[in-house]
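The values are calculated or read from the model by the stated rules, or taken from the named source; none is laboratory data. Quick caveat: nothing in here was measured; it's all calculated off a predicted structure. FYI the Cβ positions are ideal-geometry reconstructions off the backbone, even for glycines, and counts take in every protein chain you see.
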């Protein structure tokens, strides 16, 4: 699924530390393939399937998902669209949450919850083993909260040793929690909230880069409150690009260990997001963006 043309177009390639998994730096986040509020099926499942197939045809080989999206919806759509999976496709999922019938977001962090979550992902994706599983700490919505994650990461490491998981990552975590997880297993990626306007993880990104560990920003475009900035709009207008393309290109420039997983339920927006990999940002433009109010 990789060739030189795709490498250049999709931001280059990255190999997860200590693994044989190599992905294009622009991937796809599947959350928006479910219905409104990440609940229930999408309005048009055929469009959701078409988005995944077009992404794969364009060279995207890193898909981020979770069985609690929907719940079960996005994984079932991924399976419908792409199974049997093409060689080289890396599907990254996450555990730690559940969606009860009232549609709320709840923690699911007991050993039984985590083990059941792995089996749900395997069944709905149609896989015998999961490439990468992130333990997602379900916070208050205001970012990570300190606290031990040793029990949960140990469960994932045990499942890895049993062959159900190939590699382990962590999500919505502090630097101390990353270090704690690394005492238990080889952490191959960290997935946190980070974008042009939310840069609290600058030091962590640089530390992970030195270790060759992937940093995967969720909400790279601001998430449920899209990025708004006069500077961003002005730069985009000058480059003949959209503000969102500039925001993605800035992330690619920020550090070579950053992998992007922008999500969309629109084919047009998918094409715009993928085109961000070809957007050149001059040192002057980067300085403008770096100086944006955070």
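Among the residues of the stretch 207-228, are any part of a helix (DSSP H, G or I) and under 18 Å from the mean Cα position of the chain (by Cα)? Spell out the reasoning first.
Filtering the stretch 207-228 down to residues part of a helix (DSSP H, G or I) leaves 207-211.
In the following step, the residues that additionally are under 18 Å from the mean Cα position of the chain (by Cα) were identified as 208-209.
Yes, the conditions are met somewhere in the stretch 207-228.
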Given the conditions (1) closer than 16 Å to residue 226 by Cα; (2) in contact (Cβ under 8 Å) with a residue 60 or more places away in the chain; (3) in contact with a strand residue (DSSP E or B) (Cβ under 7 Å, 6 or more places away or on another chain), and given that residue 251 satisfies all but one, which numbered condition is not satisfied?
(2)
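Among the candidates 173, 188, which residue alone is part of a loop (DSSP other than H, G, I, E, B), on the phi < 0 side of the Ramachandran plot, out of contact with any helix residue (DSSP H, G or I) (no Cβ under 7 Å at 6 or more places or on another chain) and surrounded by 22 or more Cβ atoms within 10 Å (Cβ to Cβ)?
Working: 188 fails: part of a loop (DSSP other than H, G, I, E, B).
Of 173, 188, the one residue that is part of a loop (DSSP other than H, G, I, E, B), on the phi < 0 side of the Ramachandran plot, out of contact with any helix residue (DSSP H, G or I) (no Cβ under 7 Å at 6 or more places or on another chain) and surrounded by 22 or more Cβ atoms within 10 Å (Cβ to Cβ) is 173.
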Per-region count, the stretch 108-130, residues under 18 Å from residue 153 (Cβ atoms), touching a residue at least 40 places away in the same chain (Cβ under 8 Å) and part of a helix (DSSP H, G or I)
6
Inside the stretch 255-280, can you point out the residues that are out of contact with any helix residue (DSSP H, G or I) (no Cβ under 7 Å at 6 or more places or on another chain) and surrounded by fewer than 24 Cβ atoms within 10 Å (Cβ to Cβ)?
261, 266, 268, 269, 271, 280
In this structure, does residue 107 turn out to be under 21 Å from residue 181 (Cα atoms) and either out of contact with any strand residue (DSSP E or B) (no Cβ under 9 Å at 6 or more places or on another chain) or crowded, with 16+ Cβ neighbours inside 10 Å (or both)?
no
Across the stretch 227-248, what is the total count of residues that are without any contact (Cβ under 8 Å) to a residue 24 or more places away in the chain and closer than 13 Å to residue 269 by Cβ?
1
Here are the criteria: (1) under 24 Å from residue 186 (Cβ atoms); (2) crowded, with 17+ Cβ neighbours inside 10 Å; (3) at pLDDT 95 or above. Tell me which single one residue 210 does not satisfy.
(2)
Check off (1) in contact with a strand residue (DSSP E or B) (Cβ under 7 Å, 6 or more places away or on another chain); (2) crowded, with 21+ Cβ neighbours inside 10 Å for residue 98 and give me the number that stays unchecked.
(2)
(1) within 28 Å of residue 227 (Cβ to Cβ); (2) touching a strand residue (DSSP E or B) at 6+ places or on another chain (Cβ under 6 Å) all hold for residue 192 apart from (2)
Out of 226, 283, 217, sole residue that is surrounded by fewer than 21 Cβ atoms within 10 Å (Cβ to Cβ) and modelled with pLDDT of 95 or more:
283
When residue 220 is evaluated against the numbered criteria (1) in contact with a helix residue (DSSP H, G or I) (Cβ under 8 Å, 6 or more places away or on another chain); (2) in contact (Cβ under 8 Å) with a residue 40 or more places away in the chain; (3) over 25 Å from residue 78 (Cβ atoms), which criterion, by number, is the only one it fails?
(3)
Only residues that are at pLDDT below 95, out of contact with any strand residue (DSSP E or B) (no Cβ under 7 Å at 6 or more places or on another chain) and buried (at least 16 other Cβ atoms within 10 Å of the Cβ): list them for the stretch 1-31, please.
1, 9
